[in-house]
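Data first, discussion second: the structure below is written as structure tokens.
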Amino acid sequence: MDPRQAPDVTALLRRVGSGEAEAEQALYALLWGELRRIASVHLGRRDAGHTLQPTALVNEAWLRLAPPDGSDWRDREHFLSFASRVMRSVLVDHARRRLAEKRGGGAAPVPLDEASDLIVGGGERPVDLLALDDALSRLDADDPALARIVDLRFFGGLSMEEAARVEGVSLSTAERRWRLARIWLRERLEGAP
Amino acid sequence: MSGDGDWGRVRPLLEALLDLPDDRHEAFLAERCGDDDALRARVLRLLADDRRDARFLARPALETFAAARVGAGARLGPWRLVRPLGDGGMGSVWLAERADGEFEKTVAVKILRADVSFPAMAARFDAERRVLARLEHPNIARLLDGGSEGGVPWLAMEHVDGERIDRFCDEARLDVDARLALFRGVCDAVRAAHRNLVVHRDLKPGNVLVASDGAPKLLDFGIAKILDPDGPGAKDGDDLTRTGLRPFTPRYASPEQVRGAPVTTATDVYSLGVLLYELLTGCRPYAPDESNPLAAAATVCGAEPTRASRAIAEADDAEELAALRSSTPVRLARRLAGDLDTIVATALAKEPERRYASVDRLDDDVRRHLVGLPVLARPDGFLYLARKAVRRHRLAVVAAGVAAVALVVATLVSLRYAADARRERDAAATARDRSAELFDTLLDRSMDAALDAGVRVHVLAGGTRISLDMMRRAIEDLDVIERQAGGDPAVVARIAEAHTRLGDRQGNPAFPNVGDVDGATESYRRALALAESLPDEAAPATASLLATCHTRLGEMAHHRRDLDEAAARFGSALATLERLVAATPDDARARLRLALAHDKVGTVLDARGAFAEARRSFERYHAGARSLLAGRPEDREARFHVALARQRLGRSEGRAGDHAAARTEFAAAGALLEELVALDPHRAPWRSALAWNGLWLGDALLSIGQADAAAAALERSADAYRALLDADPDDVRTGLRLGAVLDMRGNVDRVRATGEAAADPSAGWREARRWYGAALDVWSALDAAGRLAERDRRLLEMAREKIAECEEHLANE
């Protein structure tokens, strides 16, 4: 055990908290690498029997990256929120790479499975991850609190309670935002009214 | 509102409707939407859609990713998947054929659960593949091809159309001799692989197929290594990737695999032992609970296998098992008793070094048994004793990380018993040394792992409780070890030391800890009691341990502001270290510790207001550090402590009112610290100590009327703090101290403005106002970020008052 060698996520988080762009980039890079590393192992695990919990991944990243001291609750919640956003880009990036492989033409390998990695979160209609990402970016411009809760719940895998705590709102507010976000996104993804 | 101009109107309506009962929706919308039918229709439709499809986005993205499957027809390299053959812990296996039709060939394609999209992993995968591709043996399924697809590695292997070895034997009702002959074919393949330095790591019936010609074929050689997160390549650069579980099958895994110890050819010998046991008896040597990895680990490492002959005698379905071996229970048990029991037990020994030294030896004993020669393995008296001991003292430990401690206990006990037995054989000394050495290593490693895990878990949600629980278990384990130790001084000393380390992590503010201050104190007390029970308290190791215990207890007492106890503890530590240094004058570490003990004593005295006594302690701290440095001029730590000691002395002089003497000390400390910082400019503690020293130097200089020198010292200090703050803007202490230095710098100009010889008082006030303003800015920034503790908020008031004073003077002049 040598926390001195681990990157100090807590310090980075604090610097991100004080609006430092450089720290944000550093933390993003750190987390992206770590989450991608953890997530892609799981993404390679193609058995319906294995249900993944994104929170486990995020916790794993926290466990690996956070120093064993000097971290308070606020840091952790800050981390969850940040990690959820990073998780989104990990998954979107994964989907983009898959798409590129698919379109890559002659020499490119044929993907393992034609559609599965681009389509997520099935309800009545499965969702195209890239379209969802795009819609979320626009929701973020329209109503950022709603976009944030989708990051936390859908990409970060947080429970409603956790998401409420991270956002610093009541459970009922979190639930209301979640429904509003889904309503907004569904309308957007199903085409304009 | 870039996306949807109407959302601002829609959202409040939806929010209200979500809280309203359905039958009031129409009325509500009629009232709120007025004539805007489109808006009303849209809101109602959105709400209805939402109700209709509650599953939209309901599962987190990653879960649905995971649910994706490889399908028939998918292509991997030149291979097209035809149908699934099976699914195991390492990945799924598919029957595949050439997709380009170049030639007709079917292979087994194994899609591994691993990620090779990182260069280090990819390189490792390729390297392993090359080694495995060279493995050619009639009893080993060949590796033909491999690659990766989107970061997922796959291997194409010779497709063996055969039956699992255990089923094959049962279906053919093979008797013991035939099973042994077949088993020798397996040994032959493993031996060939070992000669190529390839360890299988996951030998089990599922990986041994018997083809139609009756020859065994081994699958998946070395693949477990590719998946091993601890394997070479995984360690490149960092140890962050090393938290995954090693791939193995608990039922066939060796104790060292379960423990995470190095895997060698002895691991395959063990797994062959399990395979042989099952082929001979149809029973398992013991039944690890595979649904609970920790319980399984405890079983594999601690449980003694039932003798093969007895397993048959005791089996419920003995008749059937015997019939499958063309025998009867009584005959089969008799056949297994003796040599075969011994062969299997030797292969299944917990410690690799007690197993057959190679597959050759195992195979040779099987051969000897088949031809009626005496086998070379012996049921060994003292080993048997040791095994019994392990069994007797086995711990049922469930906590992660701490399980390792239980293994230590088992190993310790067995080693000690082994040592006892060997003592009777007149080899006591060696065995004891070895036992102590192994114990040390294991205790260190497992305690550190457990404590580290505890501290890390602490940062997770609800982690404190788990951490405390793990700590508690660690304590219980130490208790067990203590009882087993039977007063052996070497072991008692190690346990005492383990208690001190436990205390450090529980709640010593000087270490990363889980905040259990009382627990920490208790652990230190236990350590002290154990250390005091040691026979020779003058022995250097014992004295060192005693000093550590006293020091830690003093630190805890100081932390809870119990200055009496702190003084007493530090005093005991001091006395012990004095004896230690007297006994081992060349021990630089002991001398530094003695110097530091003087500092601790002085700090408590200083806190009590006994400044003159404190000063004498700081002088001893200084003398100790300086004499150490005189003998070791390159010792940077000694140099650092000389500087700190002089800083302490300067503070003492200042308290006593001798600011000139204080200035001398601070100047000397500053010079030493500057040397150190020049040696290693990035070492923050040194830079911080230098900056802090500047504040005191400036204070002393100002006190003796050297305003210009004070201003220069303070500005250097302020620059140093700014640099530190740039490097770590969230270090509250640095921010507070920077403000303090700026405030002090303001004081210099204030003194200049009010001095009798002040040429231009208003310039002085203006300057002072500027510096106080700078201090206020720094502290206000901390406050705005919510980082200023309540007690420090008065600094803001102080700075504002000083600024107001300056402005008043400026207005009057």
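Quick note: the coordinates plus some simple rules give every number you see, no bench work behind them. As the structure is a prediction and not an experimental result, all values here were calculated from the model. No Cβ is skipped: glycine too gets one built from the backbone with ideal geometry, and neighbour counts run over all protein chains shown.
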Can you give me the long-range amide H partners of B:K217? Hydrogens built in the peptide plane at 1.01 Å from N, cutoff under 5 Å, separation of 5 or more residues or another chain.
B:L209, B:V210, B:A211
Of B:M157, A:M87, B:M556, how do they rank once you tally other Cβ atoms within 10 Å and put the fewest first?
B:M157, B:M556, A:M87
Using each residue's phi in the stretch B:340-347, evaluate 6.51 cos²θ - 1.76 cosθ + 1.60 at θ = phi - 60° and report the 3J(HN,Hα) Karplus result to the nearest Hz, with x for Gly and Pro.
5, 4, 5, 4, 5, 5, 5, 5
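Fewest to most neighbouring Cβ within 10 Å: what's the order for B:V604, B:V93, B:V131? Present the calculation step by step, with values, prior to reporting the outcome.
Working: B:V604 25, B:V93 20, B:V131 16.
The most exposed by this proxy come first: B:V131, B:V93, B:V604.
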Skipping prolines and chain starts, which residues have an amide H placed within reach, meaning under 5 Å, of the one on B:L95, given they are 5 or more residues away or on another chain?
B:V82, B:R83, B:L85, B:V109
How many nm is it between the label spots at B:A712 and B:R51, if each spot is 7 Å from the Cα in line with the beta carbon?
8.3 nm
Can you tell me the FRET efficiency between B:A582 and B:E675 if r is taken as the Cβ-Cβ distance and R0 is 45 Å, rounded to the nearest 0.05?
0.90
Using C-alpha positions alone, give me the convex hull volume of the stretch B:126-206 per residue in cubic angstrom.
108 Å³
Average the reciprocal distances over every distinct pair of alpha-carbons in the stretch B:650-770, invert the result, and give the Kirkwood radius in Å.
14.7 Å
Which ³J(HN,Hα) values, rounded to whole Hz and listed in residue order, are derived for the stretch A:80-87 from phi using the Karplus coefficients 6.51, -1.76 and 1.60 in 6.51 cos²θ - 1.76 cosθ + 1.60 with θ = phi - 60°, glycine and proline given as x?
4, 5, 5, 5, 5, 5, 5, 4
Working out 0.36 nm times the residue gap between B:R83 and B:A337, then minus their Cα-Cα distance, what length gain in nm do you get to one decimal?
86.9 nm
Scattering profile of the stretch B:7-64 at q = 0.16, 0.19, 0.21, 0.28 Å⁻¹ [log10 I(q)/I(0), Debye over alpha-carbon scatterers]:
-0.54, -0.70, -0.80, -1.21
Can you compute 3J(HN,Hα) from phi for each residue in the stretch B:581-590, using the Karplus curve 6.51 cos²θ - 1.76 cosθ + 1.60 with θ = phi - 60°, rounded to whole Hz and x for Gly and Pro?
5, 4, 7, 10, x, 8, 7, 4, 4, 5
Fully extended, how many nm does the chain gain between B:D562 and B:D317 (0.36 nm per residue separation, minus their Cα-Cα distance)?
81.3 nm
What shape does the stretch B:766-805 have by the C-alpha gyration tensor, where a ≥ b ≥ c are the square roots of the eigenvalues, rounded means a/c under 1.5, and otherwise prolate means a/b greater than b/c and oblate the rest?
oblate
What list do you get for B:V190, B:V601, B:V371 if you sort them by fewest beta carbons within 10 Å?
B:V371, B:V601, B:V190
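D for the stretch B:623-709, whole µm²/s, Stokes-Einstein with Kirkwood Rh over alpha-carbon pairs at 20 °C and 1.002 mPa s: what number? Before the final figure, lay out the partial values.
Numbers: Rh = 13.0 Å.
Rounded to a whole number, D works out at 165 µm²/s.
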Using 0.36 nm per residue, how much length does the chain from B:A27 to B:E807 gain when fully extended, once their Cα-Cα distance is taken away?
274.3 nm
Could you please report the charge total around B:D518, scoring K, R as +1 and D, E as -1 over all other residues with beta-carbon less than 11 angstrom from its beta-carbon?
0
Evaluate the distance, in nm, between pseudo-label points positioned 7 Å from the Cα of B:V131 and of B:V371 along their respective Cα→Cβ axes.
3.4 nm
Using a 7 Å offset from the Cα along the Cα-to-Cβ direction at both B:A610 and B:A630, what is the distance between the two label points in nm, to one decimal?
2.8 nm
Say R0 is 25 Å: what FRET efficiency, to the nearest 0.05, do A:S159 and B:R9 get from their beta-carbon distance?
0.20
If R0 = 35 Å, then A:E175 and B:E97, at their Cβ-Cβ distance, give a FRET efficiency to the nearest 0.05 of 0.10
